[in-house]
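The values are calculated or read from the model by the stated rules, or taken from the named source; none is laboratory data. This is a predicted model, so every value here is computed, not measured. Cβ coordinates were reconstructed from backbone atoms using ideal geometry, including for glycine residues, and neighbour counts include every protein chain displayed.
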Amino acid sequence: MARGGSKKTKTKADLIDQVATAAGLKKKEAKAAVDAFLGKVEAALKAGSKVQLTGFGTFEVRNRKARTGVKPGTTQKIKIPASKYPAFKPG
């Protein structure tokens, strides 16, 4: 990532390019590796597991409580059901 205060969003395509360069792979091979990794992380999260990569971080599913909200454009109160969401904690 960029340093010195400037921020740039890294895309999946950027990651594939960087993996290809760092590992000496063709872009097609790097794409297959990145896709396989992301697919396995997604499958683990869907199964309710955490994915912990020591020195990098942890992917996990967190619970969001049910809450009351306000419908946009009106003052009507609505119930927002509990839900789950993926999260990443660096470290």
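Residues LYS50, LYS77, LYS8: which one is surrounded by fewer than 11 Cβ atoms within 10 Å (Cβ to Cβ) and either in contact with a helix residue (DSSP H, G or I) (Cβ under 9 Å, 6 or more places away or on another chain) or in contact (Cβ under 8 Å) with a residue 40 or more places away in the chain (or both)? Break it down stepwise before answering.
Working: LYS50 fails: surrounded by fewer than 11 Cβ atoms within 10 Å (Cβ to Cβ); LYS77 fails: either in contact with a helix residue (DSSP H, G or I) (Cβ under 9 Å, 6 or more places away or on another chain) or in contact (Cβ under 8 Å) with a residue 40 or more places away in the chain (or both).
One residue alone meets the criteria, LYS8.
Could you please find all residues in the stretch 72-89 being assigned to a strand (DSSP E or B) and among the polar types (S, T, N, Q)?
Narrowing the stretch 72-89 to residues assigned to a strand (DSSP E or B): 77-80, 83-89.
Scanning the stretch 72-89 gives a single hit, SER83.
Just checking, how many residues over the stretch 7-23 are closer than 17 Å to LEU38 by Cα and part of a helix (DSSP H, G or I)?
Number of matching residues: 9.
Check GLU29, GLU60 and return the single one that is in the same structural domain as LYS89 (by TED's automatic domain parsing), free of Cβ contacts under 8 Å to residues at least 40 places away in the same chain, in contact with a helix residue (DSSP H, G or I) (Cβ under 8 Å, 6 or more places away or on another chain) and surrounded by 10 or more Cβ atoms within 10 Å (Cβ to Cβ). Explain how you work it out, then say what you get.
Values: GLU29 fails: in the same structural domain as LYS89 (by TED's automatic domain parsing).
It is GLU60.
Mind telling me which of the residues VAL34, VAL70, VAL41, VAL19 ends up being of a type in the set (Val, Ile, Thr), in contact with a Phe, Trp or Tyr (Cβ under 7 Å, 6 or more places away or on another chain) and free of Cβ contacts under 8 Å to residues at least 24 places away in the same chain?
Details: VAL34 fails: in contact with a Phe, Trp or Tyr (Cβ under 7 Å, 6 or more places away or on another chain); VAL70 fails: in contact with a Phe, Trp or Tyr (Cβ under 7 Å, 6 or more places away or on another chain); VAL19 fails: in contact with a Phe, Trp or Tyr (Cβ under 7 Å, 6 or more places away or on another chain).
The unique qualifying residue is VAL41.
Looking at (1) loosely packed, with under 10 Cβ neighbours inside 10 Å; (2) at pLDDT below 95, which one does GLY24 not meet, given that it meets all the others?
(2)
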